Amino acid sequence: MRLPFLSSVMESVFGEIQEHAEKVKDCAWIFQQAFECYMDAHCKSFSEHMAEVIRIETEADEIKLRIASHLPLNILMPVNKAFLLEYIQVQDGTLDAVVRALEWLSYRDRKFIPPYLHEDFMLLVDAVMDPFEELVKMATEAGKYCKRFSEIYWHRIGDVVQNILQQYHEAENIEEKIKRKAFDSILDPITLYHVVRLAESIGTVSACTRHTGNMMAAVLTR
């Protein structure tokens, strides 16, 4: 028999995890807008997009602190509390990765990215966006699972984790393609370093979403 208080706590915690995941998704969407703006010579709102990402990151941090404060210390929960706290840190780390990618992007003008890499970079950004919708879905299904402990929701979470993993590999392949093209070209050392590091920074966003999926599996497998 489950305690009503405990059910209420779990519902509240996973509701806030879903809220945090929505913030992460919003941040990713603005990241995509910022990158498209950066690649458009006529767009002048890159700094505004970056400021919006920072604002959303601050709001996500507040949610993260609320989640930690709502976890009861002396009550046995149906999930590992330490893993749950680590999960929210990992999910929050995707925001940090987005900010770092935008900061690195801002260090040089778009003209330093060779035109033959423009399309590949746009494909890479599109690829790393796909998992963010899955993060929200995963948080929603995890909340349902912890409320009913039905295998239906467990399998749905597993499907989401697999989708995120597949999307990560797709992004990884595009990142590798960009780096190979860059090294096969005649570029000055600074441009080469900036382009390769940029591809890696964007790829790190995808790696963080993969880590988030794996961490959710660890949270629920107690």
inquiry  = Looking only at the range 186-222, filter to residues that are aliphatic (A, V, I, L, M) and not in a helix (DSSP H, G or I); which one of those is farthest from Val125 (Cα to Cα)?
reply    = Ile186
Scope the range 112-128; condition out of contact with any Ser or Thr (no Cβ under 9 Å at 6 or more places or on another chain) and touching a residue at least 12 places away in the same chain (Cβ under 8 Å); matching residues = His118, Asp120, Phe121, Met122, Leu123, Val125, Asp126
message = Return the pair list, or none, for Cβ contacts closer than 8 Å from residues in the range 146-164 that are touching a residue at least 60 places away in the same chain (Cβ under 8 Å) and within 13 Å of Val219 (Cβ to Cβ) to residues that are β-branched (Val, Ile, Thr) and in a loop (DSSP other than H, G, I, E, B), at least 6 apart or on different chains.
response = Cys146/Val79
ask   = Is there a residue in the range 178-189 that is among the aromatic types (Phe, Trp, Tyr) and out of contact with any helix residue (DSSP H, G or I) (no Cβ under 9 Å at 6 or more places or on another chain)?
value = no
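None of the figures in this text is laboratory data; all of them are computed from the coordinates on show. Just so it is clear, the structure is predicted and the values come from calculations on it, not from any experiment. In this analysis, Cβ positions are derived from the backbone assuming ideal geometry, glycine residues included, and neighbour counts consider all displayed protein chains.
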